[in-house]
Amino acid sequence: MPAACEPVLEDIEDIVSAEDLKPHDRRFVRKNVFPKVRKRSSQKNIQTDDELPSDSIIPGVQKIWIRTWGCSHNNSDGEYMAGQLAAYGYKITDNSAEADLWLLNSCTVKNPAEDHFRNSIKKAQEEKKKVVLAGCVPQAQPRQEYLKGLSIIGVQQIDRVVEVVEETIKGHSVRLLGQKKDNGKRLGGARLDLPKIRKNPLIEIISINTGCLNACTYCKTKHARGDLASYPIEQLVDRAKQSFQEGVCEIWLTSEDTGAYGRDIGTDLPTLLWKLVEVIPEGAMLRLGMTNPPYILEHLEEMAKILNHPRVYAFLHIPVQSASDSVLMDMKREYCVADFKKVVDFLKEKVPGITIATDIICGFPGETDEDFQETMKLVELYRFPSLFINQFYPRPGTPAAKMPQVPAAVKKQRTKDLSQLFHSYNPYDHKVGERQRVLVTEESFDSNYYVAHNPFYEQVLVPKDPLLMGKMVEVNIYEAGKHFMKGQPVSDARVHTASISRPLAKGEVSGLREEFRRSPQNGTNWKAQPSAEIPVKTRLSSWMALQLPWQQERGGLKILSVSLALLAVLVMFYYGGMKTEL
């Protein structure tokens, strides 16, 4: 069948096509069929328990490489998908070359991210790898030419990644792009208690809602994530509790707009935050994600109180995008520059030392030199320590892509000018000599230091002492750079450990009940003993016996129906074979 006519399978059950022979038809095409007995003439021809026919496909034994682009929400989705696949028996590998299947989790915010995604698909095909696509690109535009014939898992269907991977390995193309709903109401997404493999065992990323209330003219993410849908407070608190019990010491709250949380379910962000603060243990910290100005304005007083809490970072990411009201109007950002300034000024006054991070788009359609100069003045005024500078890229299907564009050379020059302004000041020089409390959570990119953050979520590099990892310690700041400070631990200071639980090992599956952490036959940990090392007979029986908890709701009837269908086929074959012999 030509690619252009290739059918799109919307669910697993669609893999049985109309052209497939039915059991009744199979019975009457089996003529002159006689059973053949396999001879075992020598020891070398005897098939052992650990051998399988070369054409056999056993679900849950292949190696999978996962690549994620984009925001922390996307990274959380990638962690959930990795956890489910590992819990089922697949081996998650960091080596793309040895993988049987590539799971590519995409970002649609900017053209370069989608270009990397497209190139990875091409490379996978060249290397004859099976491919499953995820993330915002295929969700927003599943019928793009370069996606044809490939399996897709939608952003709200990540709890079904095991099914999609299984069918893809078998050679089928499956697409699950639907929305999660309860009595017709859209839900925040897949369940929060799914297994996951945290990229950093010390950091838990919790998506508090998906989608947003805006309709920004440049945004492609809206096409993928849709309108606002929030998780209930009790589910988010339970997820936080579970994370701390697994040794996590830092929680990131993420979404497309955390400030809009709860508006669809009759609550709000401060209410959620006060509930979360109650369960944060000593020595652990909470970091808030991005919030747009309109939805934080009405909660400024409460937000200031929360950001002053000793277990919440005094940090907030508030994208301004432009300091020109006319540009903001063309963007449909639903606020003016005065609103942004009101938020920043209030928080700086009520939360001393707070870090405000922001985003700016250079060269949005219609932006004049005067508009851009207003943006430069805003940066000069506030001297943001964390500034994300983005050259405008028109995303297909967005209103901004149809607007008259600023010349590429002008966009490039404005981006360069703003970058030079940002690098002209050093926000941390005045902090040299301070004594700060920091939480150590990761290793630096150059592997020479551990990375910690002070109460304002400013980056502090400390010596690579394994005893410091996951601990809250006091340091003396002795050096400052543009994006970091360096600190030396104080010898007589108290060290805080965030949780009594040992952190999970890197690559260990989080969120599994104890009975599902171990194989029913041999009692081994699925992660500790990769599937390639488990005898085939054990793997088969474990796979057939293992019913993972997040699949139980829909899995029972499906397993029963498939079993009955297989039984019917075997009966037909049996009687058909008897008649041919007679």
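For every residue, the table says whether it meets (1) within 30 Å of Q373 (Cβ to Cβ); (2) surrounded by fewer than 16 Cβ atoms within 10 Å (Cβ to Cβ); (3) among the charged types (D, E, K, R).
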position	(1), (2), (3)
V406	yes, no, no
K416	yes, yes, yes
Q420	yes, yes, no
N426	yes, yes, no
K431	no, no, yes
E434	no, yes, yes
S447	no, yes, no
Y450	no, no, no
Here are some conditions: (1) within 18 Å of R287 (Cβ to Cβ); (2) open to solvent by 60 Å² or more (accessible area, probe 1.4 Å). V460 meets all but one. Which one does it not meet? (2)
Exactly one condition in (1) farther than 26 Å from T375 by Cβ; (2) open to solvent by less than 20 Å² (accessible area, probe 1.4 Å); (3) not polar (S, T, N, Q) is not met by K275; state its number. (2)
Applying the selection to region 213-227, what residues are buried (at least 23 other Cβ atoms within 10 Å of the Cβ) and either of a type in the set (F, W, Y) or not in a helix (DSSP H, G or I) (or both)? Y218, K220
Restricted to region 290-333, and to residues that are within 18 Å of C212 (Cα to Cα) and among the basic types (K, R), which residue is least open to solvent (accessible area, probe 1.4 Å)? R333
Within the bounds of region 353-369, is there any residue that is without any contact (Cβ under 8 Å) to a residue 40 or more places away in the chain and not in a loop (DSSP other than H, G, I, E, B)? yes
Kindly list, by first and then second residue, each pair from a residue in region 164-183 that is in contact (Cβ under 8 Å) with a residue 12 or more places away in the chain to a residue that is loosely packed, with under 14 Cβ neighbours inside 10 Å and of a type in the set (A, V, I, L, M), limited to pairs with Cβ atoms under 8 Å and residues at least 6 apart or on different chains. I169/I57; K170/I57
Among the residues of region 400-415, is any outside the structural domain of A140 (by the TED database) and on the phi > 0 side of the Ramachandran plot? no
For region 422-464: of the residues being of a type outside the set (S, T, Y) and either on the phi > 0 side of the Ramachandran plot or part of a helix (DSSP H, G or I) (or both), which is nearest to the chain's Cα centre (by Cα)? F422
Examine region 487-498 for a residue that is at pLDDT below 85, open to solvent by 40 Å² or more (accessible area, probe 1.4 Å) and polar (S, T, N, Q), and state whether such a residue exists. yes
Elements of type strands (runs of 3 or more DSSP E) contained in region 90-199, each with 3 or more residues being open to solvent by 70 Å² or more (accessible area, probe 1.4 Å): none
Do any residues in region 103-125 that are closer than 24 Å to K222 by Cβ and not assigned by the TED database to the domain that holds P394 have Cβ atoms under 6 Å from those of residues that are among the basic types (K, R) and outside any helix (DSSP H, G or I), where the two are at least six apart or on different chains, and which pairs are they? L104/R67; T108/K220
Filter result (more than 30 Å from M472 (Cβ to Cβ) and touching a Pro at 6+ places or on another chain (Cβ under 7 Å)) within region 406-453: V406
Please go through region 335-350 and give me each residue that is farther than 21 Å from E302 by Cβ and in contact (Cβ under 8 Å) with a residue 40 or more places away in the chain, ordered by number. V337
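The values are calculated or read from the model by the stated rules, or taken from the named source; none is laboratory data. Given the structure is predicted, the values throughout are model-derived calculations rather than measurements. FYI the Cβ positions are ideal-geometry reconstructions off the backbone, even for glycines, and counts take in every protein chain you see. In case anyone asks, the SASA skips ligands and DNA or RNA and just uses the protein heavy atoms, side chains included. Shrake-Rupley method; radii C 1.70, N 1.55, O 1.52, S 1.80 Å.
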